[in-house]
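Each remark here refers to the structure printed beneath this line.
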Amino acid sequence: MSHDGRVHLPVVDPPASSIARDGRRNFVHPADVKGRFVRLRYVVFAALIAIWALLPWVQVGGKPALYLDVAARRFYLFGGTYNSQDFWLVFFLLSGVGLTLFFATTVLGRVWCGWACPQTVFLEGVFRRIERLVEGNRQARLRRNAAPMSIDKLWRKALKHLLFAVAALGVSHIFLSFFVSMPSMLSMIGASPSAHPGAFTWMAVTSVILYGNFAWFREQLCLIVCPYGRLQSVMTDRDSLVVGYDALRGEPRGKVKDASAGDCVDCGRCVVVCPTGIDIRNGLQLDCIGCTACIDACDEIMTKLKRPTGLVRYDSLNGLEHRPRRWLRPRVFLYAGVVALWAVGAFFAFRSHVSFEANLLRLRGAPYHVLNAQTEDATVRNLFQVHLVNKGPDEARFEIEAIPVDGHEVTLSADALALPSLSDREIAIYVDVPRERFEQGQVVRVRVRRVDEVPGEGEERLLEAPLLGPRR
C-alpha cells in the first residue's frame, strides 16, 4: 500500500493465450511433439474415429446398431427398437452422459476434453495432421504465412483447404448416415440433390460448418462456445487429476547451469506445443483442455538435460504442492452414488420396454347408444377400439379375442392381423347388452395375444373397460 492509501498491484505480462492484448485472435500453430501421451492419444483418436465411422454399418438382429430415423419417428439402439412413444428413454441416455462426465471430471479432470471430445479428436487426429503433412512443421508454417504469396505457398494452401473440405464432407456424410441409414446414404450419393433436398441441405450446411470450425475457428470453440471449461471449477477440487506444473520444483526459473535455479529452464517448449496457446506454468486455466502435449514436451527437455521427468505432469493441485492426495472423498462418493442410482433407473426403464402395446379406448362421440329403444328388444351399445402398436423389430401376428360374458354380444372388426415393425392399427369393437340385463359396473374384457412361432410362448395383454348405459 502506498502513502496515498491505494493498493498498487504489480504490472505483469498477461498469460499466453490465443487472444492478443488488443483483443484480436492469435492464431495458434502448435509445434510437433513426441512422447508416450501423444502416441496413446493418437491410438485413442484412431479407435474412436473407427468406431464412429463403422457404427452405421454394424447391424444387431438385422437392424442398424444405432439409427435415429427422424422422419419415421423411430430409433434403433443396439438391438432395441423404439418409436416416438419411447422418446422419454432419451432422458436416461442424455442424463447418463452428463452424470458420467461429471463423475469422470471429479476424478480425472478434463480427460473428456483432451481425449474423447469430438472437437479434439477430429481437430488433432485429422485436420492438424493434414496441415502438418501439407505445410510442414510449426516453423515452416509460420515462415510461409509471413512470406508474400508464391507458387509454393499457393499450392500448399489450396491443397490443404481442399483436403479440409474433403474431410469435412466425409464427416458430414457419416454423421448424416445415423439419421437416414447407410444404405439410404449410399443411394443418395448417386442420386441428384433435387431428389433428396432435405438431406442434401443438411449435409451441405453441416459440411460448411465443419469446414469453418476445423479450418479456422478451431480452439475458439472450446474457449468461447463450449461451457464445459467454465464448469470445471464446480466439478473439480484440489484432489481432482489435472495437467499441472510443479512450481515448487521448477521455480525460480533460470539457465541450465544456474545452480540456484529450479528445474525449469524457461525454454518455452510447453507453450509452443499447446493447442490453445497457454502457458501451463500459470496454473489451472479455463483454456487448458488436458491434452498432455506439454507433459511430453517437458519430459523431452528434462530427459535431454538428464533431470527427472514430471515437472509438468498429471497430478492433483495438492500433489503439485507436495501435499497428500485423496482419491476417495465425499464428492467422489456423492457422484458415484448418483451415477449408480441412474444406472439402476436406466436398467429398469429399458427393461420395461415391451414388444407391443395394446390399449382399449372408447370411441369419440356419445358414450353409448340405445338401439330399438321403443321396443322390448332394446339394446345398449358401447363402441370401443383396440389401439395396437407393434414395437418389436420384426413383423408380428396378433390375435384379438373378447372374453365372453353372459348376455354380452361382442363384435370385432378383426380377430387376427399382422403388423409390420413399429406400425399400429385400430380394431373396432361393438359391445351389445340387452337393456333389461344392463347394470352399472359391467365391463368388457379383451385379450390381445402376440402369436409367436413357438405355440404358447407369445406375450398377451388383458384389456378391460367399463360399459356405460342408461340408469334404470
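Derivation of every value follows stated rules applied to the coordinates shown; laboratory data play no part. As the structure is a prediction and not an experimental result, all values here were calculated from the model. When we count neighbours, we look across all protein chains shown, and the Cβ atoms used for this are built from the backbone with ideal geometry, even at glycine.
Taking θ as phi - 60°, what are the ³J(HN,Hα) couplings along segment 250-262 by the Karplus curve (6.51, -1.76, 1.60), each to the nearest whole Hz, with x for Gly and Pro?
With the stated coefficients, segment 250-262 comes to x, 8, x, 6, x, 6, 4, 8, 7, 5, 8, 8, x Hz.
Pull up all non-local amide H partners of residue 465: gap of 5 or more, or a different chain, and H-to-H distance under 5 Å with H placed in the peptide plane.
Amide H to amide H, under 5 Å and 5 or more residues apart or across chains, residue 465 pairs with 444.
Fewest first, what order do 427, 280 take by the number of other Cβ atoms within 10 Å?
By the 10 Å Cβ count, ascending: 427, 280.
Compute the helix-to-body angle for 151-180: its Cα long axis versus the longest principal axis of the chain, expressed 0 to 90° and rounded to tens.
Tilt of helix 151-180: around 20 degrees.
Between segment 95-111 and segment 183-225, how far is it from one alpha carbon centroid to the other, in angstrom?
One Cα centre to the other: 29 Å.
Tally Lys and Arg at +1 and Asp and Glu at -1 over the other residues with C-beta under 11 Å from the C-beta of residue 468: what net charge comes out?
+3
Whole-Hz ³J(HN,Hα) for each residue in segment 408-419, computed from phi via Karplus 6.51 cos²θ - 1.76 cosθ + 1.60 with θ = phi - 60°, x for glycine and proline: what do you get?
Rounded to whole hertz, the list is 9, 10, 10, 10, 10, 6, 7, 10, 7, 6, 10, 10.
Measure off 7 Å from each Cα along the Cα-to-Cβ vector at residue 397 and residue 192, then give the distance between these two points in nanometres to one decimal.
4.5 nm
For a quick check: with amide H placed at 1.01 Å from N, whose amide H comes under 5 Å from residue 66's, ignoring anything fewer than 5 positions away on the same chain?
The list, which skips near neighbours in sequence, is 78.
So which aspartates and glutamates pass the test for residue 391, namely a Cα distance under 20 Å, with those fewer than 8 places away in the same chain ruled out?
69, 86, 357, 399, 415, 424, 426, 452, 453, 457, 459, 460
For segment 368-378, take each phi angle, set θ = phi - 60°, evaluate the Karplus expression 6.51 cos²θ - 1.76 cosθ + 1.60, and give the result in whole Hz per residue in order, putting x for glycine and proline.
With coefficients 6.51, -1.76 and 1.60, one gets 7, 10, 10, 8, 6, 4, 8, 10, 6, 8, 4 Hz.
So between residue 163 and residue 150, what do we pick up on full extension, going 0.36 nm a residue minus the alpha carbon distance?
My answer for the length gained is 2.7 nm.
Under a Cβ-only charge scheme (Lys and Arg +1, Asp and Glu -1), can you give me the dipole magnitude of the chain about the Cα centre, in debye to the nearest 20?
2780 debye
Just to be sure I understand, if you calculate semi-axes √(5λ) of the Cα gyration tensor in Å for this structure, which of (i) 40, 27, 20; (ii) 66, 29, 20; (iii) 43, 28, 23 do you get?
Among (i) 40, 27, 20; (ii) 66, 29, 20; (iii) 43, 28, 23, the one calculated here is (ii).
Sorting 267, 222 on the 10 Å Cβ count, fewest up front, what's the list?
267, 222
On a C-alpha basis, how far is the centre of segment 240-281 from the centre of segment 384-426 in Å? Whole number, if you could?
Segment 240-281 and segment 384-426 have Cα centres separated by 73 Å.
Along Cα→Cβ, 7 Å out, is where each label goes; now give me the distance between the ones at residue 20 and residue 44 in nm to one decimal.
Simple spin-label model gives 3.4 nm for this pair.
Compute the FRET efficiency between residue 256 and residue 93 as 1/(1 + (r/R0)^6), taking r as their Cβ-Cβ distance and R0 = 56 Å, and round to the nearest 0.05.
0.55
Grab the other residues whose beta carbon is less than 10 angstrom from that of residue 245, score K and R as +1, D and E as -1, and report the net.
With Lys, Arg at +1 and Asp, Glu at -1, the net is -1.
By the scheme Lys and Arg +1, Asp and Glu -1, what is the net charge of all other residues having a beta-carbon under 10 Å from that of residue 449?
Around residue 449, the charge tally is -1.
What angle do you read, to the nearest 10 degrees and between 0 and 90, between the alpha-carbon axis of helix 90-108 and the longest principal axis of the chain?
Once rounded, one gets 30 degrees.
Could you put 342, 327 in order, starting from the residue whose Cβ has the fewest other Cβ atoms within 10 Å?
327, 342
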